[in-house]
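Student: The structure under discussion is supplied below as C-alpha cells; questions concerning it will follow.
The values are calculated or read from the model by the stated rules, or taken from the named source; none is laboratory data. Since this is a predicted model, take the numbers as computed values, not measurements. Please note: Cβ atoms are built from the backbone with ideal geometry, for glycine as well, and neighbour counts cover all protein chains shown. For the accessible areas, the whole protein counts, side chains as well, though only heavy atoms, and no ligand, DNA or RNA atoms are used. Shrake-Rupley method; radii C 1.70, N 1.55, O 1.52, S 1.80 Å.
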Amino acid sequence: MDVDIQFMQEALAEARSAAEAGEVPVGALLVHDGKILSRSGNRTMRDCDPTAHAEIVSLREAARRLGNYRLPDTTLYVTIEPCSMCAGALVQARIPRLVFGADDPKGGAVRSCFEILSHPRLNHQVEVTAGVLAADCAAIIQCFFAKRRG
C-alpha cells in the first residue's frame, strides 16, 4: 500500500501540472518493474484532441517505449476513476492492474456508472484498487471546477 501511495502522489503532481495549464486536473502514470514508464496529465486542450486524457497519453507513451501495444506486468495509477474510453483502452492494452484515487459519479466506468473492467463478457479483466488518496484526488478536481464556476 505504501508503494501505491507513493505512485499516487506522483499522479497528483501530474494533475496539478495539468491544472496549471488550464486542463482538467487528472494525472496518470504507468509503472513497470517498480519504475515509472510514462506519466501525463490531461492534454485535451493543449493537443486539441478529445482523446488526450491522462490515461491515454500515458498508455501511448508506454507502448512506444516498450515497443508493444500490449502492456503486461504494469500498473496504471490515475487520480480519478477512468471514463469509458480510458477503461476500454486499459482492456485493449491488457493492463493487469489499475489504482485510482477518487470515484467519478458522473462518468466513471470502473464502478460508478459502468463496470467495464470487470465485465464478464470481455476478454480481459483488470484488478482494481480504488480510493488511494481519494480525498486529495477529489479535492484537486473539486477546487478546479469551483474556480471555473467562480
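Student: Taking region 22-68 as the region of interest, how many residues are surrounded by 13 or more Cβ atoms within 10 Å (Cβ to Cβ) and in a loop (DSSP other than H, G, I, E, B)?
Tutor: Count: 9.
Student: Here's something else I'd like to know. Could you grab the pairs with beta carbons closer than 6 Å, sequence gap of 6+ or different chains, first residue in region 90-109 and on the phi > 0 side of the Ramachandran plot, second one open to solvent by 10 Å² or more (accessible area, probe 1.4 Å) and among the basic types (K, R)?
Tutor: Close Cβ pairs satisfying both conditions: R94/R70.
Student: Given the condition under 22 Å from G41 (Cβ atoms), touching a residue at least 40 places away in the same chain (Cβ under 8 Å) and touching a helix residue (DSSP H, G or I) at 6+ places or on another chain (Cβ under 6 Å), answer yes or no: does some residue in region 120-131 qualify?
Tutor: The answer is no; no qualifying residue exists.
Student: Same structure again: With the requirement that a residue be aromatic (F, W, Y) and assigned to a loop (DSSP other than H, G, I, E, B), what does region 69-108 give you?
Tutor: The one that is aromatic (F, W, Y) and assigned to a loop (DSSP other than H, G, I, E, B): Y69.
Residue-by-condition table, conditions (1) over 22 Å from Q9 (Cβ atoms); (2) of a type outside the set (D, E); (3) exposed (fewer than 15 other Cβ atoms within 10 Å of the Cβ):
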{"position": "A87", "(1), (2), (3)": "yes, yes, no"}
{"position": "V91", "(1), (2), (3)": "yes, yes, no"}
{"position": "P105", "(1), (2), (3)": "yes, yes, yes"}
{"position": "C113", "(1), (2), (3)": "yes, yes, no"}
{"position": "H119", "(1), (2), (3)": "yes, yes, yes"}
{"position": "C143", "(1), (2), (3)": "no, yes, yes"}
